[in-house]
Amino acid sequence: MLKTLTLRMDDKLLEKLKVYAEHENRSMSNFIETAALRYMEQMEMADDFEMNEILSNENLLKKLKSGSKDAQSMRGRFV
């Protein structure tokens, strides 16, 4: 279900957003929604550097696998 959201922003930011929205041939609403989704996606995902760090840490991988098995078998306490 779609909801309406009212935002307050200064004129400079509003004009800048209009320029970016027009450049991408989007409505302001669609541009802001897309920008928010992209931001959340970036914050939720590990970048290449972070992923390489994770994959190169054998101790961490062992603990992650153990934790995953525990979760699948409903063992332990989940907080």
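Key figures
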item: Dimensionless Rg over Rh [the chain; C-alpha; Kirkwood]; result: 1.23
item: Partner lysines for Lys16 [C-alpha distance under 27 Å; skip if fewer than 8 residues away on the same chain]; result: Lys3
item: Order of Met9, Met28 - criterion: other Cβ atoms within 10 Å of each residue's Cβ, fewest first; result: Met9, Met28
item: Helix runs (DSSP H) in the chain reaching 20 Å along axis by Cα, Kyte-Doolittle at least 0.5; result: none
item: Taking Arg8, Arg75, Arg26 and counting other C-beta atoms within 10 Å, the order from fewest to most; result: Arg8, Arg75, Arg26
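Computed from the coordinates by the stated procedures, all read-outs in this text should not be read as laboratory data. None of these values were measured; they are calculated from a predicted model. Here Cβ is always computed from backbone atoms with ideal geometry, including for glycine, and neighbour counts include all displayed protein chains.
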